[in-house]
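Input: a single structure, listed below in structure tokens.
The values are calculated or read from the model by the stated rules, or taken from the named source; none is laboratory data. Just so you know, these numbers come straight off a predicted model, no measurement behind them. Every residue, glycine among them, receives a Cβ derived from its backbone with ideal geometry; neighbour counts consider all protein chains shown. For accessibility, only protein heavy atoms count, side chains too; no ligands or nucleic acids. Shrake-Rupley method; radii C 1.70, N 1.55, O 1.52, S 1.80 Å.
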Amino acid sequence: MTVNKEVYTGTRSIFLSSLPMMENRLSAYLFSDGIFNDRILGNSIVNDSKNDFNPLMIDLLKSAVPKIERYKVGLYKDSALKGNRVLKDYNGSMDGYADVAGYSRDTLNIHTGRSYTSENPIRLSFQLMTRAEPAAMVIETIKSLLAIKADDDEILIVDNNNTQTSLYEPLAQFCASLAARHNVHFYHIDSVAGFKAGALNLALGLMDPNCSHIVVVDSDYQALPQARISIANAIERYPSHALLQFPQFYRDAGRVDIHSELNHYFNHHLYRPFNRTRALSTGTYAVIRRRALLDLGGWSSASITEDAQMGVLMHSRGLCSQFIPKVIATGLLPTTLHDLMSQRRRWIYGNMQVLNTYFSTEPFCSTGSSNLSTTSVPAIKKKLSERLAYTRAHLSQLSAWVNFTGIFIVLQLLTLLIITGALLFGSSLNIHALLAPLYIVYVSYAIFLGRRLWAYMQDRAPLNQQTSNGAAPSLSNRLRAWAVHLNFWELGALSWWPVLWGQKKPFICTPKQELIRTRKSVYVANLMAMPKVLLMLNITTAIIVSPFSLLYSPLLFGCAVMVCILKVWAAKVMLDNYSYEEYQVANKKVAAETLITKNLSAKSFVTKNLSQPHMISIAKSKDKPLTSSFKDDNAVNF
């Protein structure tokens, strides 16, 4: 749809998305075919406190004025310009939504959870960052937000690091076809530096400055009917908190064990009281106070898990956060086992990036702004007990996908190599003494397995009561979720090591589509994706210390066989969840979405909200070539 918001919004994106950039990169986001608009550096920008600009960035922009000219955007038409301006008074703006939704004003107040008599009303900016996502999937997410948003909330979509128009054109057409009163804004950026954080910083600059809170939404996460009112209630309950994090749940049919393993983080880990009141962000459906994020300097790209990084930085500034244990949206699992493993590697690597610099950050310093929170941690240093509580919560959350058995895996490998060499070359060394390190190895494995098993046995899945799953998990369900977790054992132990020597890894998006595949190709792909390091090491160990070997050790043999059995069983559980039959279910959905996408070029749309008895009207659109809003040729993220 149209994205020519008033000129200052384009410039605001430069401030906030360019925080980590040098002056000579500011003009990378602008086109230079006109005269720089004086309004950009007029009262509406520099002297208007409502714009909340960083003074340092204003000075930086002023120094770059000779290089910067008039800002241009051309994605579709100008129909949404009216919707980008400051809306009328709230009572007046209610009528438009009531006409669309078929609700009275009083009914809408209940539906949106908004108190329109407040001097500082809650206004949300739902922000979706997309990159080569299935257009139909993103459209369904937008529809779910249209069904629950208040009239003066906005939906902001930033498609980035994707130059193939065929991948984002259907989405752009859909957004262009929406009536301006829906306040939906689509932007395409050819290339932006800073991974997802860079795109989020652009959105922070492009958003309506009158919105009080940002709601980060992953492109596959569809809002449930109670989402808006739950967010509003949480904000009213915690008005001074900078971050409110809602849980992530999944709506895929089947793959129950994968759901349980992923949901365990929210059902058990983050649900615990000492984590709940010191929650770090986990990305989607994080509700962030805009003023707090601006004072933080925007999103940091120091880690590829920018959400966790932001939470740590907020706490270091003395800002408060809270986990809200209410399921208000559901998403999709990665469609292949390989993508699931890649996603977990990214989480592990990114969280370790945060941990790697954690103790170099001065904890619990003053906020530096008295208007951020009346109940935030004081400017003076916290008591030791509270500082330790925050550190405990941070380490607990950041290490949820990490384990520290990697050093023992390496020790096992080195021990086996030495023993094998001694046997082959007839060394006079006391080979039996070389088995000693293996006892240490298996003690560490036992501790790891026992702690993880205890955690899954304690998981009562309280959030499941809010979904169709209903009942608490059985013993079998918990064991199978634990088995799924064991498939990530090597990843959690080894994939964070490159952080220690400074190796940079790219941010890899998790695809939500998969092409039709045969039973054989699925089986082979799954086998290739499965981690095999521990299985091979323990098979080798079992052979070396078996009853038929001169180095026979009943205890070590039993330990090696037990680990092998656990790994094989864990692999079976995982393969059951990513079987060919599950691929068939996913592919049927892909085919349906493809059919929907082909019909998106129609001249009109009618969107039905499945959870509410009303229709959302969508205006007709005119075909017009797409052009890029921004471009940064120096960005290399993928």
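Some notes on this structure:
- Note on segment 291-303: among residues that are open to solvent by 10 Å² or more (accessible area, probe 1.4 Å) and not acidic (Asp, Glu), the one that is nearest to Arg228 (Cα to Cα) is Arg291.
- Test: residue in segment 405-416 that is at pLDDT below 95 and open to solvent by 50 Å² or more (accessible area, probe 1.4 Å): no
- Only a single criterion out of (1) more than 24 Å from Arg237 (Cβ to Cβ); (2) outside any loop (DSSP other than H, G, I, E, B); (3) open to solvent by 10 Å² or more (accessible area, probe 1.4 Å) is not satisfied by Gly350, namely (3).
- Scanning segment 137-171 for residues that are under 20 Å from the mean Cα position of the chain (by Cα), over 12 Å from Gln222 (Cα atoms) and either of a type in the set (S, T, N, Q) or assigned to a helix (DSSP H, G or I) (or both) turns up Asn160, Asn161, Asn162.
- Only one of the numbered conditions (1) open to solvent by less than 10 Å² (accessible area, probe 1.4 Å); (2) without any contact (Cβ under 8 Å) to a residue 40 or more places away in the chain is violated by Pro273, and that is (1).
- Pairs with Cβ under 9 Å, 6+ apart, first in segment 536-547 and over 16 Å from Ile409 (Cβ atoms) and in a helix (DSSP H, G or I), second among the basic types (Lys, Arg) and modelled with pLDDT of 95 or more: none
- Residues in segment 212-239 that are within 15 Å of Tyr285 (Cβ to Cβ) and either without any contact (Cβ under 8 Å) to a residue 40 or more places away in the chain or among the basic types (Lys, Arg) (or both): 1 in all.
- Matching residues, segment 425-445, being open to solvent by less than 60 Å² (accessible area, probe 1.4 Å), of a type in the set (A, V, I, L, M) and either under 21 Å from Val484 (Cα atoms) or touching a residue at least 12 places away in the same chain (Cβ under 8 Å) (or both): Ile431, Leu434, Leu435, Leu438, Val441
- Residue within segment 131-140 that is open to solvent by less than 50 Å² (accessible area, probe 1.4 Å), under 18 Å from Leu200 (Cα atoms) and either out of contact with any helix residue (DSSP H, G or I) (no Cβ under 9 Å at 6 or more places or on another chain) or modelled with pLDDT of 90 or more (or both) present: yes
- Flag if Glu490 is acidic (Asp, Glu), modelled with pLDDT of 90 or more and touching a helix residue (DSSP H, G or I) at 6+ places or on another chain (Cβ under 9 Å): yes
- Restricting Ala253, Ala279 to residues that are of a type in the set (A, V, I, L, M, F, W, C) and either over 18 Å from Trp347 (Cα atoms) or open to solvent by 10 Å² or more (accessible area, probe 1.4 Å) (or both) narrows the list to Ala253.
- Test for Leu332: is it in contact (Cβ under 8 Å) with a residue 12 or more places away in the chain, farther than 28 Å from Trp489 by Cα and open to solvent by 10 Å² or more (accessible area, probe 1.4 Å): no
- Filter pass, Asp159 being among the acidic types (Asp, Glu) and either modelled with pLDDT of 95 or more or open to solvent by 30 Å² or more (accessible area, probe 1.4 Å) (or both): no
Residues are listed down the side, and each one gets a yes or a no for (1) free of Cβ contacts under 8 Å to residues at least 60 places away in the same chain; (2) open to solvent by 10 Å² or more (accessible area, probe 1.4 Å); (3) of a type outside the set (Ser, Thr, Tyr); (4) within 30 Å of Gln466 (Cβ to Cβ):
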| residue | (1), (2), (3), (4) |
| --- | --- |
| Leu167 | yes, yes, yes, no |
| Pro170 | no, yes, yes, no |
| Ala176 | no, no, yes, no |
| Ala197 | no, no, yes, no |
| Asn201 | no, no, yes, no |
| Asn210 | no, yes, yes, no |
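- Within segment 454-483, the residues that satisfy the criterion of being touching a Lys or Arg at 6+ places or on another chain (Cβ under 9 Å), assigned to a helix (DSSP H, G or I) and surrounded by 16 or more Cβ atoms within 10 Å (Cβ to Cβ) are Tyr456, Leu463, Gln466, Trp482, Ala483.
- All of (1) more than 18 Å from Phe408 (Cβ to Cβ); (2) in contact with a Phe, Trp or Tyr (Cβ under 8 Å, 6 or more places away or on another chain) hold for Val441 with one exception: (1).
- First in segment 565-579 and closer than 10 Å to Trp482 by Cβ and in contact (Cβ under 8 Å) with a residue 12 or more places away in the chain, second anywhere and basic (Lys, Arg) and open to solvent by 30 Å² or more (accessible area, probe 1.4 Å), Cβ under 8 Å, 6 or more apart: Val573/Arg480
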